[in-house]
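What follows is a short report on a single structure.
The values are calculated or read from the model by the stated rules, or taken from the named source; none is laboratory data. On a predicted model such as this, the values are computed, not experimentally measured, just so you know. Note: ideal-geometry Cβ built from the backbone for every residue, glycine included; neighbour counts use all protein chains shown.
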Amino acid sequence: MSETVLDAAFFVRWMTAAAAVIDREADRLTELDSPIGDADHGRNMQRGFAAVVTALEAEPPATPGATLIAAGRKLISSVGGASGPLYGTLLRRAGKAFGEAPQVSAEELRAGLAAGVDAVAQLGGSAPGDKTMLDALVPGIEALATSFDAAAAASEKGALATVPMLARKGRASYLGERSIGHQDPGATSSALLFAALAEVAK
Amino acid sequence: MKMLINVAETVVADALRGMAAAHPELVVDVENRVIVRRDAPVADKVALVSGGGSGHEPLHGGFVGPGMLDAACPGEVFTSPVPDQMVRAAAAVDSGHGVLFVVKNYTGDVLNFQMAAELAEDEGVQVASVLVDDDVAVVDSTFTAGRRGTGATLFVEKIAGAAAEEGMPLERVEALARQVVASSRSFGVALSACTTPAKGSPTFDLPAGELELGVGIHGEPGRERRAMMTSREIADFAVDAVLAELDPRLPVLVLVNGMGATPLLELYGFQAEVRRVLDERGVAVARTLVGNYVTSLDMAGCSVTLCQVDGELLRLWDAPVQTAGLRWGR
């Protein structure tokens, strides 16, 4: 893990893989968003990541930091809803943490994403256990210290663990007790980002 | 579910093209999704900008015009607009006297308007924001997203819009908008779910013979499901839910709002019951508005919004307004 070196092309591949997996899973994300949200998460994420891939292909950034900053900006300007600013902030902040470095290590990736997750928690005013994307992101980043596969597994487990939770943030929170028993769509899409990361790291 | 559309992907753009064709008094930027009154920026006037997901028409685009909004930013269906839209709108309408953002309290709207305010200020536009959170069905707490913004948005946009039209400064327009928010509460019920074009089937399953109490305006289920009630019973429940958090000492503006698929015949019958309850509770009614103003696509159902008004708020409510969705007085 410690020897892995990740360049700008790797991050473009990650975003491309994320767009593909979100495309495949879009209907499921929207389905999860129906009982406790407003049935649009899949389509919004699909639109956003498609725009990210188009932007990165048109103007491939030179560094990992520039790649994630460009991806984050594109999400903010194309997704809308809460997902746009939250996912956009996650990637932008991680990109900023990389600075101008032409390559980053797996540990630097983990630290950058951790900074991104802190920014997401602050922006959304939420914490793990609130039935949000943090419930997949936080365990995913912790497990990233072990391996990409471990991170994918931990975030997937984190998303599944939102089922019995009572939503305290976002639209699902309006349902109160009735939010219990449903998997959070935001945590689910967050786990897909880690799945895409594990896929491109192979 | 059959819909009067071409394809789901273009519903918002198609509706904007229709607005442009029907309302030459508006400038509709279909590509960038901004609706602006044609005479903007109006000299020496504070500008009002609002926006939110589409699917609530006539809110917000139908409320752009003299006496109400200067610009509106429609997002995708039930999805907040992106910051670029609000920044573009603010730049188009600012006369140099500042811009008030009217934001409904949903996480997405709050975050996108917050980012837009920062970006617009970087470009030299003075921005103030008011958050509308009137729905009593949601428990307001620092541990939740807080009450939703629903019917009171119309009262805020009308009254603050009139204040701006009179030439009041930004701080005063903002303070009046906050007063309207603090003085307004709403409660909604659904007799059916709604169908988003993207999904094509109802957002939740509501069996015949049941209704949802405490719904919002995005097809999300409410807090409680019961056996179907009569108009009289719904009015008792809804008005008492609002009065439990409002306790008006002053006369109220009443909005009996249809969610999109309930006929005016039913809404007026419901309005009669709402007035009966208000009379029984000793609440004086200053003005009443009945119709489909803050809708939830094709949802059947209604909401009740009360706003207690002093002399100034009532005068501003009565002031002339010329928009596609609300028009009187001139």
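What to note about this one:
- Some residue of the stretch B:213-222 being touching a Cys at 6+ places or on another chain (Cβ under 7 Å) and not basic (Lys, Arg): yes
- Counted as qualifying within the stretch B:28-95 are the strands (runs of 3 or more DSSP E) with 1 or more residues that are within 27 Å of B:LEU4 (Cβ to Cβ) and at pLDDT below 95, namely B:71-77.
- Any hit, the stretch A:140-154, residues being small (Gly, Ala, Ser) and within 14 Å of another protein chain (Cβ to nearest Cβ): no
- The single residue among A:SER173, A:SER126, A:SER190 that is out of contact with any Pro (no Cβ under 7 Å at 6 or more places or on another chain), at pLDDT below 95 and in a helix (DSSP H, G or I) turns out to be A:SER173.
- Residue within the stretch B:138-158 that is touching a Pro at 6+ places or on another chain (Cβ under 8 Å) and farther than 25 Å from B:ALA261 by Cα present: no
- Scanning the stretch B:284-304 turns up one or more residues that are more than 21 Å from the chain's Cα centre (by Cα) and modelled with pLDDT of 95 or more.
- Test for B:VAL189: is it surrounded by 22 or more Cβ atoms within 10 Å (Cβ to Cβ), hydrophobic (A, V, I, L, M, F, W, C) and at pLDDT 95 or above: yes
- Checking each residue in the stretch A:100-119 for being under 13 Å from the mean Cα position of the chain (by Cα), aliphatic (A, V, I, L, M) and crowded, with 23+ Cβ neighbours inside 10 Å picks out only A:LEU113.
- Within the stretch B:117-141, the only residue that satisfies the criterion of being hydroxyl-bearing (Ser, Thr, Tyr) and either under 20 Å from the mean Cα position of the chain (by Cα) or not assigned by TED's automatic domain parsing to the domain that holds B:VAL49 (or both) is B:SER129.
- Applying the condition of being of a type in the set (Asp, Glu) and in a helix (DSSP H, G or I) to the stretch B:193-242 and asking which residue is surrounded by the most Cβ atoms within 10 Å (Cβ to Cβ) yields B:ASP236.
- Candidates A:ALA70, A:ALA55, A:ALA82 - the one that is crowded, with 18+ Cβ neighbours inside 10 Å and in contact (Cβ under 8 Å) with a residue 60 or more places away in the chain: A:ALA82
- Any hit, the stretch B:225-232, residues being over 19 Å from A:ASP27 (Cα atoms), within 14 Å of another protein chain (Cβ to nearest Cβ) and either over 22 Å from the mean Cα position of the chain (by Cα) or not small (Gly, Ala, Ser) (or both): yes
- Residue check for A:ALA121: of a type outside the set (Phe, Trp, Tyr), without any contact (Cβ under 8 Å) to a residue 40 or more places away in the chain, at negative phi and not in a loop (DSSP other than H, G, I, E, B): yes
One line per residue, one yes/no per condition, for (1) under 24 Å from B:THR203 (Cα atoms); (2) of a type in the set (Lys, Arg); (3) in contact (Cβ under 8 Å) with a residue 24 or more places away in the chain; (4) touching a His at 6+ places or on another chain (Cβ under 9 Å):
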{"site": "B:HIS56", "(1), (2), (3), (4)": "yes, no, yes, yes"}
{"site": "B:LEU69", "(1), (2), (3), (4)": "no, no, yes, yes"}
{"site": "B:PRO74", "(1), (2), (3), (4)": "yes, no, yes, yes"}
{"site": "B:GLN85", "(1), (2), (3), (4)": "no, no, yes, no"}
{"site": "B:ALA90", "(1), (2), (3), (4)": "no, no, yes, no"}
{"site": "B:ALA137", "(1), (2), (3), (4)": "yes, no, yes, no"}
